[in-house]
Amino acid sequence: MTSSDNALDLSVHEPTELGGPGEATNPEQLMAAALGSCLIESLRIALGTTGESVDDVTVDSTVTLTDSDGPGYESRFQLRVSIPSASNPSDVLAQATSICPFLKSVDGVDVALAG
């Protein structure tokens, strides 16, 4: 898989949970990374409006595959957010999630936010 500017060039395989070889990243990991990186940028924008530091913002994104009631599996994403410099982290997180384009695009997908 490559991006149009070749900044992204990697192998993608099915995860072991789905019977794949697990020898490379999988689509679910890429989605977790996209969610996390987009949220980091949105947090930086939100913090920029308050004048607070953006240097120590972190997001740890994980994905879990579980059996579904129907065919296939379900993906559950968790984003653990750390904004130590924010005077009101919950307000910053609320603003960031309201402007994050990737989170908006996956509305209805099981994404848990934890701070």
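Which order do the peptides 70-79, 33-42 take when ranked by the mean count of other beta-carbon atoms within 10 Å per residue, highest first?
Order by mean packing, descending: 33-42, 70-79.
How high is the relative contact order of segment 26-114, given as a whole-number percent (alpha carbon pairs under 8 Å, six or more residues apart)?
The value is 33 percent.
Between segment 1-73 and segment 99-114, how far is it from one alpha carbon centroid to the other, in angstrom?
Centre-to-centre (Cα) distance: 12 Å.
Once you've got the GNM for the chain with C-alpha springs shorter than 10 Å, pick whichever of V57, V12, V81 has the biggest mean-square fluctuation.
V12
Assuming 0.36 nm per residue, please report the length gained on full extension of the stretch I45 to F102 beyond their Cα-Cα distance.
19.1 nm
How big is the chain by the Kirkwood estimate over distinct Cα pairs, in Å? Mind dumping the intermediate values first?
Details: mean 1/r = 0.0644 Å⁻¹.
Mean inverse Cα-Cα distance, inverted, gives 15.5 Å.
Helix 27-50 sits at what angle to the longest principal axis of the chain, using alpha carbons and giving 0 to 90 degrees rounded to 10?
The angle comes out near 10 degrees.
Just grab the label-to-label distance for Y73 and A33, each label 7 Å out from Cα along the Cβ direction, in nm (one decimal).
Taking the two extended label points, one gets 1.7 nm.
So what's the angle, to the nearest 10 degrees on a 0 to 90 scale, between helix 89-99 and the longest Cα principal axis of the chain?
60 degrees
No value in this document is a laboratory result; all are computed from the given coordinates. These figures come from a predicted structure and were not determined experimentally. Glycine also receives a Cβ, built like all others from the backbone with ideal geometry; neighbour counts cover every protein chain displayed.
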